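The structure under discussion appears below in the form of C-alpha cells.
The values are calculated or read from the model by the stated rules, or taken from the named source; none is laboratory data. Predicted model, so just to flag it, every value in this text is computed and none were measured. Here the Cβ positions follow ideal geometry from the backbone for every residue, glycine too, while neighbour counts run over all protein chains shown. Ligands, DNA and RNA are excluded from the accessible area calculation, which covers all protein heavy atoms including side chains. Shrake-Rupley method; radii C 1.70, N 1.55, O 1.52, S 1.80 Å.
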Amino acid sequence: MRRKASYRSYQGRRSGSILLAVGLAVVLLSAVAYLCSPFSIRKFAAFPALGGIFLVLFGSSTRFTARTGKRMRLALWLLLVLGVLSFGLLEGIIVAGARDDIDAEPDVMVVLGAQVKPWGPSVLLVDRLDTALEYLREHPELPVVVTGGQGPDEPFTEAVAMRDYLVAHGLEEDRIWLEEAAHNTTQNLEYTRALLEEKGYDMEDTHLLVVSNGFHLARVRMLAGRHELDISTLAAPESHAPSRVQSYIREAPALVKSWLLDR
C-alpha cells in the first residue's frame, strides 16, 4: 500500500508562518517606499524587496510535503549563496576599477553628471567637479565637456549645474562645453562623442580623460570600449560615507544591467 506523503518536517510550525508574514510585510513596505521615495533613491527599495521575497518563499516551503519543502529550502539556500558570491565578485571588479588610469595626454576632459539637489550639485558630483578643477588648473589649455540631462527630481540639467560650479570656482566659461540630453552613463559617452564630432574632432585620434567617482569607473571603461572611445580615467573620491556605501552597493546591479543592456 502506497504511503501518504509526510508533512512532518515543517508543517504546522509557527516559524514558517512568521517568516511568511514578515516577508510579505517587507515586500509591501518596499513597494510603499518605492512609490513614496524620490526618484533618485527608488532603486534601493529592490534590496529589501528581494530579502522579503526570499522570506516569503522560505516560509511557504513549510506548507509543502517534507520532501518538497526540503528541496525548496535547499534551492533557496543555494540561490542565496550564489547571489552573495556573485555580489562579492562584482564588488571586487568595482573596487579594482576605482583608480586613476592616465596613459596618454588627453585632448578633452569629460565630467560625468550625478544628482543635482535644489541647492546645487550633490556631494558626489562636487567630488567629481573638485577633482576635475584640480586637473584643469594644471592644464589650462584643456577643454571640458560636462554631460548630464535633467532628472524628474532635479531643478535643472546636471550639465548646467556643473558649468555653474566650475565657473564659480574660477574656470573660464569658454572652456566648458555642455551636453544636456544624457540620462545614464552610456548616453553620457554616446552623446559626448556626437558633440565632439560636431565640433570637428576625429574620435579615432582623440583621447578623453573621463572624470567620475571611483566606484563608477569600471563601468565607464566597459562602456567606453563599446562606444569606441579612447579614454583615460580620473577617480574622484566619495567624501560622504553614507553616499559611498550606497554607491558601491548600487553599482553592482548597475554593472550587470549595463553589461547586458547598454550599447
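Each row is one residue, and each column tells you yes or no for (1) crowded, with 16+ Cβ neighbours inside 10 Å; (2) touching a Pro at 6+ places or on another chain (Cβ under 8 Å); (3) of a type in the set (Val, Ile, Thr); (4) not in a loop (DSSP other than H, G, I, E, B).
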{"residue": "Gly16", "(1), (2), (3), (4)": "yes, no, no, yes"}
{"residue": "Ala21", "(1), (2), (3), (4)": "no, no, no, yes"}
{"residue": "Val32", "(1), (2), (3), (4)": "no, no, yes, yes"}
{"residue": "Leu50", "(1), (2), (3), (4)": "no, no, no, yes"}
{"residue": "Val56", "(1), (2), (3), (4)": "yes, no, yes, yes"}
{"residue": "Thr62", "(1), (2), (3), (4)": "yes, no, yes, yes"}
{"residue": "Arg73", "(1), (2), (3), (4)": "yes, no, no, yes"}
{"residue": "Glu91", "(1), (2), (3), (4)": "yes, no, no, yes"}
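Any residue that is farther than 30 Å from Ala159 by Cβ and of a type in the set (Val, Ile, Thr) - is there at least one of those in the stretch 65-73? Scanning the stretch 65-73, I find at least one residue that is farther than 30 Å from Ala159 by Cβ and of a type in the set (Val, Ile, Thr), so the answer is yes.
Residues in the stretch 185-208 that are outside any helix (DSSP H, G or I) and open to solvent by 40 Å² or more (accessible area, probe 1.4 Å): Lys199, Gly200, Tyr201, Asp202. Tell me which residues, restricted to the stretch 143-184, are open to solvent by 10 Å² or more (accessible area, probe 1.4 Å) and part of a helix (DSSP H, G or I). The answer is Glu158, Val160, Arg163, Asp164, Tyr165, Val167, Ala168, Glu173, Asp174, Arg175.
Please determine whether any residue of the stretch 100-108 is open to solvent by 90 Å² or more (accessible area, probe 1.4 Å), touching a Lys or Arg at 6+ places or on another chain (Cβ under 7 Å), farther than 17 Å from Leu24 by Cβ and modelled with pLDDT under 95. No, the stretch 100-108 has no match at all. For the stretch 109-140, the candidate set comprises residues that are among the hydrophobic types (A, V, I, L, M, F, W, C) and in a helix (DSSP H, G or I); within that set, the residue that is surrounded by the fewest Cβ atoms within 10 Å (Cβ to Cβ) is Val123.
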